[in-house]
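Each remark here refers to the structure printed beneath this line.
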């Protein structure tokens, strides 16, 4: 028999919808404002009169963006970082989460490694020791300085480990009886079943690498090697020497302001994540919920 909802249940539902709507609007409005500024005339943007709709619509900022070689170089660096760093995160997360999901009968030292992981979540070596280490390993000004320090994301390991724990132990026992070794069991049985959780931690890794900017400031010295978010973070109003520019270039630069130009860059950096997220979203809730509780 299905119980009908009481008035209090309806009130709770309405309050929940209102809260979720307010949170969604608070996330969407800044994006709409950024897009509106990027398509607005420079005088309107500098005057601060642009809200959520372009004022004096123009494509000047995006036309100027297409001529910014450093922006596309930084964009390429971030794509490479996401691919390399994401693959490293994925492989190491799976290789650590799977054995840690086993009982002490199969992995007697499990608790020792778990305490080690928890300790690294609470404490770190600090910025200066980390910089000295990376410098001594000759990784400064290379992509490895951006992807190796965070090669094993502990939070992702715990999510995937708990997902593996929630899978029936009978799967492992049956495979062992059939003569499968641990590698075969992990690759052919557990990884295919853990696709929702793997997709979730992969999304976390992609977003983390794409949005990271501080490590690029610390470890990268060459402008041609900085990731996109570091480039965006360092955007400032530049005073250019116009004596070496042609009249056409001066006219083109005068058509955009730093605010509209930077807004165009910020919007373009959001597009890749907005494209990737829908493909992984269907796994997100399942992977996160099942990987957040211990079976």
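Coordinate-derived values only; no laboratory data. On a predicted model such as this, the values are computed, not experimentally measured, just so you know. All Cβ positions, glycine included, derive from the backbone under ideal geometry; neighbour counts span all protein chains shown.
Some observations on this one:
- Global form of the stretch 77-157, assessed from the alpha-carbon gyration tensor, a/c cut-off 1.5: oblate
- Three-way shape label, the stretch 144-183, alpha-carbon gyration tensor, a/c 1.5: oblate
- For the stretch 37-193, the spread of Cα positions along each principal axis, largest first, Å: 73, 39, 27
- Where only C-alpha atoms are counted, convex hull volume of the stretch 7-58 per residue in Å³: 69 Å³
- A Förster distance of 41 Å, applied to the separation of the beta-carbon atoms of residue 111 and residue 276, puts the FRET efficiency at 0.65.
- Gyration tensor (alpha-carbon) shape descriptor, the stretch 21-107, a/c threshold 1.5: oblate
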